[in-house]
Amino acid sequence: MAYANRNQGVFIPYQQLVDLRSLNHPHVTFVHGPPIGLINPRNGPVGPPQFVPIGVTFHRSFHELLIRMEEEKSRSLLQFMAGEGLVPSPEEEIKRKNAIEKLKQIVMEWIKRVACNRGLDERHIPAASAAVLTYGSYGLGVHNSESDIDALCVGPRFATMGEDFFVVLHNMLTSRPEVSEVHCVKDAKVPLMRFKLDGISIDLPYAQLKVMSVPENVDILNLYYLRNIDETSWRSLSGVHANKWILRLIPNTKVFQSLLRCIKLWAKRRGVYGNVRAYSLLLGFFGGVHLAILGAFICQRYPNARLSGLISSFFGTFTFWDWPKPIILQDGTLPISGSAAEPRSFMPIRLPCRPHEYCHSNITKSTFYRIRVEFLQGHTLTKDLLRPDFDWGCLFEPFPYAKKYTRFVKICLSASDQDELGEWVGWVKSRFRSLLVKVCDSLPFCIFRILPYLKSQQLEEIQGFCDPNPTEYVDVNVAEPNTVFYWGLQQERSHFLDIKPVKDDFVKSLSNGPTGKITLLVVQASQLPKNAQFDSESNKGYLNPNANLN
């Protein structure tokens, strides 16, 4: 948003700078004025926006002109989003609501069966109750036609996770014809069941409260229900907590939802957000909660801004953010200064719930660098978005992996059938971060042989760059069911990589879990399947990922 003052100057937030000459408006006249300087946003305050004076004289309606232009750009962005299928149809919405209602009915039947099995008094069995709470993209209202549903099963004190959730409820789900592909993920940080209900994928973790009955509309922020719960249940509840706090703290829900849809599409297209849930976190990219908090942070900073201005501010803010300074939402009750940052994270983002925790993150030097490059690219593209010829499509062009990297690590996972493949892929992906570190450590292989006496911090400085593309592919030339990943390698050092010891070391870490086949190869960009190039026809306007950000 632009602001006018009595001295006929226009003040525009730094993130929304625009060359006014490009507006070509008859009532704008440029005059010579005193020298001015830009305010460095890196050193500025966190709260109010910073302003840059521009010496112009203008018609009284110029301020209204800028507002109309911002509104028009916001409308064009909403039209672009609709064209990309980011908003589900009414029929799809009804299908999801019906699936959630069915799941709630199943859970209510389950808890009454568990009450009988546990020998509760017959008078208390009808009152036995459990709840299903949605969170994630569906809970925030930013899901699309392809989104899965994150749902949490909340049960009372007598319903255990090991016996009642993973056995009794699992058996009830598998016995129903509308439920398919039921998988138990018991060894994850947040244990859950994954299945399809009426064709819609659902992830269902479990939280056990120390009460005898959980009302269907339970207020999970009420401290009464959170007393003495175990650590696993607390982690399971964190997603619901974060969602509810975010929706409480944002100034405008609809604007926030539109902004979040946009930045999620941008992050997916640019390869810094996993298409498969949790895969992005394992590799050190953004997950849904990271982007939701970043979007909410911008909405809090600019509560009256329009969508187009928020997009520009998003990239302008995080391009120049002083990482690892943490991102913290203001909740109006606790001071945000003096908070200890997550020491292990390159980009600490705090969850908006109490006790305060930080979003789980596995960001490495490679992924931190990639994310910063993409922030800078987005800032470069959107700082002049009020230009008449600005096209939103340039911001959302897919990352052209095949043009950025000449060599890739190809990781092919296969199994005898689709069910075994699902378990095998999940197991391997849960250990992908260690593979990423091994690949990076092995890139300057000859240097390690020549200088084995280097200190550990020196080894980090010469560590290679690997870009783990989050997208999954299928190799049609492999007869067995398979999933393939392609990770881009730093051009200068990729010829040093000896993949065999990397593979042997990684395979050892996969013992004591599901079994399957794994193949690691270094391939040329010309050997990529066509769809691995994301069908990108233009590389115009993108920064070199090997450019120096400093």
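The values are calculated or read from the model by the stated rules, or taken from the named source; none is laboratory data. Treat the numbers as computed from the prediction; the structure is a model and nothing was measured. Every residue, glycine among them, receives a Cβ derived from its backbone with ideal geometry; neighbour counts consider all protein chains shown. Calculation scope for accessible area: heavy atoms of the full protein, side chains included, ligands and nucleic acids excluded. Shrake-Rupley method; radii C 1.70, N 1.55, O 1.52, S 1.80 Å.
With R₀ fixed at 41 Å, the C-beta to C-beta distance from Arg176 to Glu480 puts the FRET efficiency at about 0.90. Protection proxy ranking, highest mean first, for peptides 137-149, 389-401: 137-149, 389-401, where packing is the per-residue count of other beta-carbon atoms within 10 Å, averaged. Just the protein heavy atoms count here, and of the accessible area of segment 152-299 at 1.4 Å, carbon and sulfur take up 50 percent.
Taking all protein chains together and rolling a 1.4 Å probe, Ile220 ends up with roughly 0 Å² accessible.
If you count, for each residue, the other Cβ atoms within 10 Å and average over each peptide, how do 110-117, 156-163, 320-327, 305-312 line up from highest to lowest?
Per-residue mean Cβ counts within 10 Å order the peptides as 305-312, 110-117, 156-163, 320-327.
Per-residue accessible area (protein heavy atoms, 1.4 Å probe) orders Leu65, Leu197 as Leu65, Leu197, starting from the largest. Treating r as the C-beta distance of Gln527 and Glu122 and R0 as 56 Å, the FRET efficiency rounds to 0.25.
Structure note, pairs Lys97/Lys268; Lys104/Lys210; Lys112/Lys254; Lys404/Lys500: Cα-Cα distances above 28 angstrom occur for Lys112/Lys254. Counting only protein heavy atoms and a 1.4 Å probe, segment 389-439 has 35 square angstrom of accessible area per residue.
Which sequence of His241, His360, His63 reflects their accessible areas, 1.4 Å probe, from the largest down? Write out the running numbers ahead of the final one.
Details: His241 5, His360 90, His63 50 Å².
I get His360, His63, His241, largest accessible area first.
Only protein heavy atoms count here; on that basis, with a 1.4 Å probe, Ser361 has an accessible area of about 30 Å².
The stretch between Ser509 and Asp219, if pulled fully straight at 0.36 nm per residue, gains 100.2 nm over its current Cα-Cα span. The lysines whose alpha-carbon is closer than 18 Å to the alpha-carbon of Lys503, local same-chain residues fewer than 8 away aside, are Lys410, Lys429, Lys438, Lys517.
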